[in-house]
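Asks: Just passing along the structure, written as structure tokens.
The values are calculated or read from the model by the stated rules, or taken from the named source; none is laboratory data. Since we're looking at a predicted model, the values are computed, not measured. We place every Cβ from the backbone using ideal geometry, glycine too, and count neighbours over all the protein chains shown. Ligands, DNA and RNA are stripped out before the accessible areas are found, and what is left, the full protein with its side chains, is counted by its heavy atoms. Shrake-Rupley method; radii C 1.70, N 1.55, O 1.52, S 1.80 Å.
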Amino acid sequence: MKVLFDEPPFLEAKEIITKIQQFGYRAYFVGGCVRDLLLNKEIGDVDFATSATPQEIMGIFDHVIPVGVEHGTVIVRYKHRSYEITTFRKEGKYSDQRHPDNVKFITTIEEDLKRRDFTINALAMDQYGKIIDLFNGKNDIKHHLIRTVGDGKERFMEDPLRIIRALRFSSQIGFSIEEKTKRAMIKVKPQIEKISVERILVEFQKLFAGDEVDKAIRYFIHLKIYEHVPIFKDHPKLVECFPKKWIPLNSFGAVITLLNYIYPKVTITEWIKAWKCSNAIKNVAHHLAFALTYYNQNGIDEWLVYTLPPRLYKQFSDVVTILFPNDPLTEKTMFTISERLPIHGKKELAIDGNDLLNLFPKNKKGRWVGEYIRTLEKKVVFGQIENNKNVLKEWIRCHPPDIN
């Protein structure tokens, strides 16, 4: 998709700059949106840098969310879109290796760009499309290079997460990491262990979902970044089990399922705990792991498709494709099977637990009810019994439950 400066999302976003300038301040597009414009990539978030302070921005726009006023950042809601606007700033030392000890608001974009991580992100653009490029970011984009702004070791010591961000950008846009930058990453990489796991997880989720994930994985192994991230640092042989070819995985739950399969010594529960994953990631991992175990024994069939939520078809097929490249599975195949199923959930079964108890009034309630209903589900899903109440009752009478 070719992105044009005079089309959305820049078209409306230009109005933000115009409005700020009407009050006597300067403002520029900055960061990823400028980079992606030059790459002709679809634009995600549009961010701004401005000479106006957060308080002054609050006076200009009606709907402002003060998300990080102490660091100069607010979110402006404008025509149903959100825009992050940050005051030009100069940063002090990073004692906690995440936040600067102090922030000084300044009046020039040039000084602001010096604090950014990589040259490809240290670009600013005015409302007319003129780009300010102090560190040859455009040239690095042309040559597909990821390079730090200024001294690499200093940038990474400020925030070691930038090491993982370099890998993540490699995955997302396919760029190579410049040699001096790689050497600085190697020197500083032990500092990764001081970063919160939650921040590391966010970057790895984006890394594994990138179109060029293979490239990032090679850097992850070659630069031995794995020696300093959860689980991997205690199981370095895990990377030796990596698949030869990766494709993007859009859920960390799918990543955990795959890693657990190739290296069973680390359980899914251990992955979840070590990476401090959400319940949503946990549920995805367990669903996919159950389906993968079934797939190994039975291949793809109606029961697997029935028991796996449709929202996970894509993730499951991607995991299978990575693990078994000679026997790839597609999401389309799974949906085709799903469309043929006589039922898509237990609620659609023509008989329920109460019907079962009425047929066998002498039997007490217990686990047998759920287990028997599950048997009926399976028979119906495989087309062995018609999903008809009378037909099911007749089959039940001929095959009474054994609750002894």
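Asks: Say we look at region 80-93 and pick out the residues that are of a type in the set (D, E, K, R) and modelled with pLDDT under 95; which of these is surrounded by the fewest Cβ atoms within 10 Å (Cβ to Cβ)?
Replies: First pass over region 80-93, keeping only residues of a type in the set (D, E, K, R): 81, 84, 89-91, 93.
In the following step, the residues that additionally are modelled with pLDDT under 95 were identified as 81, 89-91, 93.
Numbers: R81: 14, R89: 18, K90: 15, E91: 16, K93: 11.
Out of the qualifying residues, it is K93.
Asks: Scan region 210-217 and tell me whether some residue there is assigned to a loop (DSSP other than H, G, I, E, B), charged (D, E, K, R) and open to solvent by less than 20 Å² (accessible area, probe 1.4 Å).
Replies: No; the residues of region 210-217 include none that is assigned to a loop (DSSP other than H, G, I, E, B), charged (D, E, K, R) and open to solvent by less than 20 Å² (accessible area, probe 1.4 Å).
Asks: Out of (1) over 27 Å from I146 (Cα atoms); (2) outside any helix (DSSP H, G or I), what's the single condition that is false for K14?
Replies: K14 satisfies every listed condition except (2).
Asks: Out of I106, I146, which single residue is modelled with pLDDT under 95 and among the aliphatic types (A, V, I, L, M)?
Replies: I106
Asks: Would you please list the contacts, defined by Cβ atoms under 6 Å and residues six or more apart or on different chains, that run from a residue in region 299-326 that is farther than 25 Å from K245 by Cα to a residue that is open to solvent by 40 Å² or more (accessible area, probe 1.4 Å) and part of a loop (DSSP other than H, G, I, E, B)?
Replies: Between residues of region 299-326 that are farther than 25 Å from K245 by Cα and residues that are open to solvent by 40 Å² or more (accessible area, probe 1.4 Å) and part of a loop (DSSP other than H, G, I, E, B), the close pairs are E302/F382.
Asks: Hey, another quick one. Pairs please, first residue from region 3-16 and under 25 Å from I57 (Cβ atoms) and modelled with pLDDT under 80, second anywhere and open to solvent by less than 60 Å² (accessible area, probe 1.4 Å) and not polar (S, T, N, Q), Cβ atoms under 7 Å, 6+ apart in sequence or on different chains.
Replies: Going by the 7 Å Cβ cut-off, the qualifying pairs are F5/L37; F5/G129.
Asks: Considering each of R77, R98 in turn, give the residue that is exposed (fewer than 15 other Cβ atoms within 10 Å of the Cβ) and at pLDDT below 95.
Replies: Result: R98 is the single residue among R77, R98 that is exposed (fewer than 15 other Cβ atoms within 10 Å of the Cβ) and at pLDDT below 95.
Asks: Between residues in region 167-196 that are within 19 Å of G137 (Cα to Cα) and open to solvent by less than 20 Å² (accessible area, probe 1.4 Å) and residues that are assigned to a helix (DSSP H, G or I) and of a type in the set (S, T, N, Q), which pairs lie under 7 Å by C-beta distance while being six or more apart or on different chains?
Replies: These pairs meet every condition: I177/S170.
Asks: Follow-up. Restricting attention to region 288-324, which residues are open to solvent by 40 Å² or more (accessible area, probe 1.4 Å), in contact with a helix residue (DSSP H, G or I) (Cβ under 6 Å, 6 or more places away or on another chain) and not acidic (D, E)?
Replies: Result: K314, single match.
Asks: Restricting attention to region 39-53, report how many residues are in a loop (DSSP other than H, G, I, E, B), within 17 Å of Y78 (Cβ to Cβ) and open to solvent by 40 Å² or more (accessible area, probe 1.4 Å).
Replies: Residues meeting the conditions: 2.
Asks: What's the number of the condition V305 fails, among (1) β-branched (V, I, T); (2) touching a Leu at 6+ places or on another chain (Cβ under 8 Å); (3) closer than 23 Å to G210 by Cβ?
Replies: Going through (1) β-branched (V, I, T); (2) touching a Leu at 6+ places or on another chain (Cβ under 8 Å); (3) closer than 23 Å to G210 by Cβ one by one, V305 breaks only (3).
Asks: If you go through region 331-390 one residue at a time, how many are over 29 Å from L292 (Cβ atoms), open to solvent by 50 Å² or more (accessible area, probe 1.4 Å) and not in a helix (DSSP H, G or I)?
Replies: 7
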